[in-house]
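Engineer: Just dropping this structure here.
A short reminder: the numbers here are calculations on the coordinates, not readings from a lab. Predicted model, so just to flag it, every value in this text is computed and none were measured. Because the Cβ atoms are built from the backbone with ideal geometry, glycine has one as well, and the counts that use them run over all protein chains shown.
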Amino acid sequence: MNRRPAMRVLLLSLSLLLVPAALVVGEVKLPAYQSETLPNGAIIALVEKRDTPLVSMNVTVRGGGLGDPVGKDGTASLYTNLIQKGAGNRTATQFAEAIENVGGTLSAGAGSESFGVSAGFMSRDADLMLELVADALQRPRLDAAEFEKARRLAVQSLVAAKDSDPRALMSSYGDAWLFRGHPYGRPVTGSESSLAAVKLDDVKRYYAEQVGGDRLIITVVGDFDAVAMRQKLERSFGTWRKAGAALPIVPMPARVTGRPVLLVDKPGATQTYFWLGNVGASRTDPARTAQSVVNTVFGGRFTSMLNTELRVKSGLTYGASSSFNRGSQPGSFHIASYTETSKTTEAVDLTLATLARLQQEGLDADQLKSSQSYMLGQFPPSIETNGQIAARLADMLFYGLGPEDVNEYAQRVMKVDAAAVRSTIEQSFPQPDNLALVLIGDAAQIRAAVQKFGPVTEMKISDPRFVPATK
């Protein structure tokens, strides 16, 4: 048996492992793109990528859930549902069949500061893709029957999550508690209470006031001719009217001091779900790379400090993690996990102790190096496909970032040193004594015990809101 080919493969594999990660990832570059602003304010960016006969399109529309009428959170989310349910001269069925018949994809969804439409088609069907996306955005049918169906399903999904798996709603409760009184505290998908208040006329008004050509960021990546695609985009979107209202502005949120506790009573629950957070960092924060390096070690991967302490060593949970939610203003930095009811205070205490250890000890040299290698290895697969590139480019344009956001990623990661680690822990990660806490569990079993964490406000999980109604 000839072992030489196998030995060469082994040696090649070993040689790749010995190549510094920064050098390997340093080759990851954002493809060259052409960008311009159309007369109506729409921004377009095009990337010719001819390796596969596919085209992906991403349309980001500024505004999102921030444009929802007061007390009617979820309007933008319902709108993005409806624009997929019939547009132009196609009914909901015909619209879906037009996509399915050519093997394409088209989806839409709302975020806090924008909503988006993403599509992926064969390059031969690019004209159909443009037609469908243009119809969805500019000529949605906003059918009454489809609206009632979408609203009913949205409410049912909230009720089902509260009943079976509150983990899906922890961010809604957490942000509502942390950012109460601030736009970031409004649930983008709505609450039972707010969805009940939304009428079809509200969705139509949202379309008239919050959607228009001046709000668009359009990115197209794939197998096409850029000159021809630019002309098609201008014909399809360049003369569309502007949004009827001003773009919502997000104020800077204030950090929480102390430890306000929201206890959400779920009678009979055998587990307590908990969320701890404070105001974190924005998408354009100069320290965002250092924050990610630290958080990877603290709560951003399976071998993180949080998961090691709460799952591996103590067996208190099946998983614990932390993350930054970034917007144009600082969103939340939060920790989330769950444990059996009788272990509630033990699990929260250990979470707080782990955060305190991060503040006191920081990261050692091995942890820093491990985090950098992990991040450099995770980055390339996140920007490989046409759709990923289109989404990343749209994100960069939304936040006013240039190609260096991708092209210099590896250099930024490798430049994070011990001093940057210490600084970002001190400035970006909350102190254990300054956290908003949300606990969902059986209040009769944990009410007295959780008072140790801070002043407790209580509500029932059956309440149709994510925070108690203001009096």
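Engineer: Taking R0 as 41 Å, what's the FRET efficiency between Ala356 and Thr470 from their Cβ-Cβ distance, rounded to 0.05?
Structural biologist: On the way: r = 33 Å, r/R0 = 0.81.
E between Ala356 and Thr470, to the nearest 0.05, is 0.80.
Engineer: Kindly write out, for the stretch 283-293 in residue order, the coupling ³J(HN,Hα) from the Karplus curve 6.51 cos²θ - 1.76 cosθ + 1.60 (θ = phi - 60°), rounded to whole Hz, with x marking Gly and Pro.
Structural biologist: Result, rounded to whole Hz: 5, 9, 4, x, 9, 4, 5, 4, 4, 5, 4.
Engineer: Which entry in (1) 1.06; (2) 1.24; (3) 1.34 matches Cα Rg over 2.2 N^0.38 Å derived from the coordinates of this structure?
Structural biologist: Correct label is (1).
Engineer: Measuring from centroid to centroid over Cα atoms, what is the spacing of the stretch 429-463 and the stretch 37-96 in Å?
Structural biologist: The stretch 429-463 and the stretch 37-96 have Cα centres spaced 39 Å from each other.
Engineer: Same structure, new question: When the Cα atoms of the stretch 34-237 are enclosed in a convex hull and the volume is divided per residue, what value in Å³ results? Don't skip to the answer; put the middle values down first.
Structural biologist: Numbers: hull volume 27.8 nm³, N = 204.
Given the Cα convex hull of the stretch 34-237, per-residue volume reads 136 Å³.
Engineer: Roughly how big is the chain's charge dipole about its Cα centre, with Cβ charges of +1 (Lys, Arg) and -1 (Asp, Glu), in debye to the nearest 20? Each step should come with its number before you reach the end.
Structural biologist: On the way: 50 positive and 47 negative charges, 44 e Å.
So the dipole magnitude of the chain works out to roughly 220 debye.
Engineer: State which entries of Lys29/Lys49; Lys313/Lys369; Lys343/Lys452; Lys162/Lys460 exceed 21 angstrom in Cα-Cα distance in the structure shown. Present the calculation step by step, with values, prior to reporting the outcome.
Structural biologist: Working: Lys29/Lys49 13 Å; Lys313/Lys369 23 Å; Lys343/Lys452 14 Å; Lys162/Lys460 11 Å.
Exceeds cut-off: Lys313/Lys369.
Engineer: With just the Cα atoms defining each centre, how far is the stretch 297-327 from the stretch 351-424? Give it in Å.
Structural biologist: 17
Engineer: Per DSSP H run of at least 4 residues, take -39500 (n - 2.57); add these up for the chain, divide by its residues and hand me the 222 nm value, nearest 500 deg cm²/dmol.
Structural biologist: Working: 18 runs with 195 residues, N = 471.
Using -39500 (n - 2.57) per qualifying helix, the result is -12500 deg cm²/dmol.
Engineer: Pick out, in residue order, every one of the trypsin sites (Lys or Arg not before Pro) in the stretch 39-92 that is DSSP loop and has at most 13 other C-beta atoms within 10 Å; say none if there are none.
Structural biologist: Working: sites: Lys49, Arg50, Arg62, Lys72, Lys85, Arg90; in loops: Lys49, Arg50, Lys72, Lys85.
Here the sparse-neighbourhood loop sites are Arg50.
Engineer: What are the residues whose amide H is under 5 Å from the amide H of Gly319, where those residues sit 5 or more places off or on another chain and H is modelled from the backbone?
Structural biologist: Residues meeting the criterion, in which the H sits 1.01 Å from N, are Tyr338.
Engineer: In addition: Step through the residues of the stretch 207-218 one at a time and calculate ³J(HN,Hα) from phi using the Karplus curve (6.51 cos²θ - 1.76 cosθ + 1.60, θ = phi - 60°), rounding each to whole Hz and writing x for Gly and Pro.
Structural biologist: Whole-Hz 3J(HN,Hα) from phi for the stretch 207-218: 4, 5, 8, 10, 10, x, x, 6, 9, 7, 10, 10.
Engineer: While we're here: By how many nm would the segment from Val227 to Ser123 lengthen if fully extended, with 0.36 nm per residue of separation less the alpha-carbon distance? Each step should come with its number before you reach the end.
Structural biologist: Values: separation 104, 0.36 × 104 = 37.44 nm, distance 1.51 nm.
Additional length available on full extension: 35.9 nm.
Engineer: Subtract the Cα-Cα distance of Glu404 and Asp433 from 0.36 nm times their separation in residues, and report this length gain in nm to one decimal. Can you show the working numbers first?
Structural biologist: Working: separation 29, 0.36 × 29 = 10.44 nm, distance 3.71 nm.
Computed gain between Glu404 and Asp433 is 6.7 nm.
Engineer: Same structure again: Figure the gain on full extension for Arg447 and Ala96 (residue separation times 0.36 nm, minus the Cα-Cα span) and round it to one decimal in nm. Walk me through the numbers before you get to the answer.
Structural biologist: Numbers: separation 351, 0.36 × 351 = 126.36 nm, distance 4.95 nm.
Extra length available between Arg447 and Ala96 comes to 121.4 nm.
Engineer: Turning to a different aspect of this structure: If the only charges are +1 at each Lys and Arg Cβ and -1 at each Asp and Glu Cβ, what is the size of the charge dipole of the stretch 161-264 around the Cα centre, to the nearest 20 debye? Numbers along the way, then the final one.
Structural biologist: Values: 15 positive and 11 negative charges, 60 e Å.
Approximately 280 debye in magnitude.
Engineer: Can you give me the long-range amide H partners of Gly190? Hydrogens built in the peptide plane at 1.01 Å from N, cutoff under 5 Å, separation of 5 or more residues or another chain.
Structural biologist: Excluding prolines and chain starts, which carry no amide H, the hits are Gly74.
Engineer: Using a 7 Å offset from Cα along Cα-Cβ at Ser423, what residues in the stretch 363-395 end up with backbone N under 19 Å from the label point?
Structural biologist: Counting only backbone N, you get 363-365, 368-369, 372.
Engineer: Considering the dipole of the chain built from charges on the beta carbon (Lys and Arg +1, Asp and Glu -1) around the Cα centre, which of Gly387, Phe333, Gly454 is farthest to its positive end?
Structural biologist: Value: Gly454.
Engineer: Can you find, among Ala145, Pro286, Val198, the residue sitting farthest towards the positive end of the charge dipole of the chain, where Lys and Arg contribute +1 and Asp and Glu -1 at Cβ?
Structural biologist: Of the listed residues, the answer is Val198.
Engineer: On to the next question. What does the charge dipole of the stretch 34-237 about its Cα centre add up to, to the nearest 20 debye, if the Cβ of each Lys and Arg holds +1 and the Cβ of each Asp and Glu holds -1? Intermediate values should be presented prior to the final figure.
Structural biologist: Details: 23 positive and 26 negative charges, 78 e Å.
Roughly 380 debye, rounded to the nearest 20.
Engineer: What span do the alpha-carbon atoms of the stretch 261-460 cover on each of the three principal axes, reported in whole Å from largest to smallest?
Structural biologist: 54, 35, 28
Engineer: Please list 3J(HN,Hα) in residue order for the stretch 197-205, calculated via the Karplus relation 6.51 cos²θ - 1.76 cosθ + 1.60 where θ = phi - 60°; whole Hz, with x for glycine and proline.
Structural biologist: Result, rounded to whole Hz: 7, 6, 10, 4, 4, 5, 5, 5, 5.
Engineer: Using modelled backbone amide H atoms (1.01 Å from N, in-plane), which distant-in-sequence or interchain residues come within less than 5 Å of Ser332's amide H?
Structural biologist: Gly280, Asn325
Engineer: Below 8 Å, C-alpha to C-alpha, sequence gap of six or more: please give me the relative contact order for the chain in percent. Each step should come with its number before you reach the end.
Structural biologist: Details: 877 pairs, mean separation 106.5, N = 471.
It rounds to 23 percent for the chain.
Engineer: Now, a different point. Work out how far the C-alpha atoms of the stretch 374-471 reach from end to end along every principal axis, then list the three figures in whole Å, largest first.
Structural biologist: Over the stretch 374-471, Cα extents along the principal axes are 53, 36, 27 Å.
Engineer: Starting with the highest mean, order 377-384, 184-191 by the number of other Cβ atoms within 10 Å, averaged over the residues of each peptide.
Structural biologist: Values: 377-384: 13.0, 184-191: 23.2.
Order by mean packing, descending: 184-191, 377-384.
Engineer: Here's a follow-up. Can you give the Rg to Rh ratio for the stretch 33-76, taking only C-alpha atoms and Rh from Kirkwood? Write out the running numbers ahead of the final one.
Structural biologist: Values: Rg = 16.0 Å, Rh = 13.6 Å.
Checking Rg against Rh, the ratio lands at 1.18.
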